[in-house]
Amino acid sequence: MNSHLPKIPVPKPMLGIEPESWAYRAITIRFAIYIQQILKENHFSDEIVNKLLALEAEIPEAPIRFLHDPGAPDEADWNRFIEPYAGMNWLQPPWFFSEHYFYRRIMEAIGYFQKGEGKNSDPFAQSKQRGLEFGISSIEEMATQLYGWMGGGFPQRDILLSLIHQDLWGNQADYSLWPADAGSGGGGKPDHAEPSQANDFLLVDDSFHVADHLLKLDVNNSRIDFLIDNAGMELASDLVLVDFLLSSGVTAQVRFHLKTHPTFVSDALPKDVLETISFFHSSDASSVISLGERLETLLCDNRLLLRSDFFWNSPLAGWEMSTEVSEQLSESNLVISKGDANYRRLLGDRHWPFTTPFADIVSYFPAPLVALRTLKSELASGLTPGKAEILFSEDPDWLVNGRWGIIQFFSP
């Protein structure tokens with residue numbers, strides 16, 4: 001793997017064992033609720049149910065063990081990831097490791113990579129479907145709005161700015177879909193801002209720099225990459241932005257980087273993109289049907305590409321990306337990183353001071369980068385001095401409640 005570190009000293013990783021932390025609450029409370037929700041929403045055999053219950057019983061005190069997933073394409077890599085932490089309990093390793101390990105252990109329990117009932121089974125499929133159904137009115141509104149913009153002679157820059165902000169706030173949607181957020185000790189369904197108030201909750205807004213960068217691209221020889229986050233409403237907002245980028249001549253091609261197996265409840269797989277476009281086709285709204293038709297054509301013409309890599313399911317920091325992933329991203333004219341987990345990966349899920357410049361941390365990144373993220377974990381960067389202190393006094397849960405957003409741009 002590559003290991004091009006940030007140009008500044010890297011602080012210690014966040015640990016699950018830190019008292020009263022979001023990580024501690026997640027491991028000791030949320031993980032068990034997630035497993036119970038999986039059992040509720042799926043009709044697994046007694047064998048799989050018992051394996052999931054055994055996993056629940058391990059957390060948090062049992063020792064971290066190696067995978068027992070013979071033939072799985074990522075087993076050897078995962079056992080290398082596990083080696084430094086084998087024998088520790090679930091709270092002692094870095095939080096980013098423990099969280100990804102949890103979801104990989106779910107895949108082991110259901111037999112995702114094995115022959116049998118759990119093969120390629122998505123235990124979170126119901127929540128993803130709820131995400132689309134929950135957001136249907138918003139999807140219709142976005143598609144109708146885009147149709148009016150594209151046919152109304154509006155300046156491209158103004159449309160881009162609106163769609164960038166819309167895609168950012170689409171990252172709030174997953175907090176409305178998973179009942180485990182209730183009673184998790186913080187970070188439940190956020191107080192969503194009305195569109196007219198959304199900028200009041202933006203902690204950093206580099207959207208003007210992003211729009212200017214996009215409008216300088218050569219439409220005949222450029223590509224934009226997305227590090228995709230959630231299926232459901234957020235993926236729908238990603239696809240609306242993609243439709244405009246490709247249909248209006250901003251760029252020649254868009255490539256999605258997606259998860260290889262189900263992770264983080266609602267993270268998108270390639271099949272989720274196809275199912276979302278199919279969902280658009282089934283709409284009663286002509287604007288949504290047209291959106292689905294355009295996206296299907298873009299897929300068929302290889303202007304919208306879907307790629308997955310085990311790196312995005314791994315516990316590795318951004319600066320530990322493989323040579324293959326680095327080379328793929330280095331070909332991009334702009335990488336759009338969506339959501340909290342991708343942001344945590346970019347920052348290595350470390351205890352950075354909140355005022356640390358974003359560009360200094362992601363200096364290793366091989367392409368121009370913009371992070372669109374609503375805050376759902378206890379890290380942030382690029383804030384002005386004193387801003388964090390004000391936020392803690394006005395909104396004590398500002399780091400985890402999904403109410404606040406950032407748009408941060410970096411260009412090598």
Determine whether F208 is among the aromatic types (F, W, Y), surrounded by fewer than 18 Cβ atoms within 10 Å (Cβ to Cβ), modelled with pLDDT of 95 or more and assigned by TED's automatic domain parsing to the domain that holds F365. yes
Write out, first by first residue and then by second, each pair whose Cβ atoms fall under 8 Å of each other, whose residues are 6+ apart or on separate chains, and whose first residue, in the stretch 382-402, is within 24 Å of A359 (Cβ to Cβ) while the second is buried (at least 16 other Cβ atoms within 10 Å of the Cβ) and among the aromatic types (F, W, Y). G382/F358; L383/F354; K387/F354; A388/F354; L391/W398; L391/W404; W398/W404; L399/W22
Restricting the stretch 90-113 to residues that are under 22 Å from the mean Cα position of the chain (by Cα) and among the hydrophobic types (A, V, I, L, M, F, W, C), the residue that is surrounded by the fewest Cβ atoms within 10 Å (Cβ to Cβ): F102
Would you confirm whether any residue within the stretch 115-125 is in a helix (DSSP H, G or I), acidic (D, E) and either farther than 23 Å from I33 by Cα or more than 23 Å from the chain's Cα centre (by Cα) (or both)? no
Might you check whether a residue that is closer than 18 Å to I407 by Cβ, assigned by TED's automatic domain parsing to the domain that holds V265, in a helix (DSSP H, G or I) and of a type in the set (K, R) occurs anywhere in the stretch 373-387? yes
Taking the condition without any contact (Cβ under 8 Å) to a residue 40 or more places away in the chain, closer than 27 Å to F154 by Cβ and out of contact with any Asp or Glu (no Cβ under 6 Å at 6 or more places or on another chain), does H209 pass? no
Would you mind listing the helices (runs of 4 or more DSSP H) fully within the stretch 7-69 where at least 1 residues are under 13 Å from E99 (Cα atoms)? 22-25, 31-41
Based on this model, can you work out whether W352 counts as in contact (Cβ under 8 Å) with a residue 40 or more places away in the chain and within 18 Å of the chain's Cα centre (by Cα)? no
Given the structure, is G87 modelled with pLDDT under 95, surrounded by fewer than 18 Cβ atoms within 10 Å (Cβ to Cβ) and at positive phi? no
Hey, can you tell me all the residues within the stretch 321-340 that are in a helix (DSSP H, G or I) and crowded, with 18+ Cβ neighbours inside 10 Å? V325, S326, Q328, L329, G339, D340
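The values are calculated or read from the model by the stated rules, or taken from the named source; none is laboratory data. Only a predicted model underlies this, so the values are computations on that prediction, with no experimental measurement involved. Cβ sites come from the backbone with ideal geometry, for glycine too, and all protein chains shown count toward neighbours.
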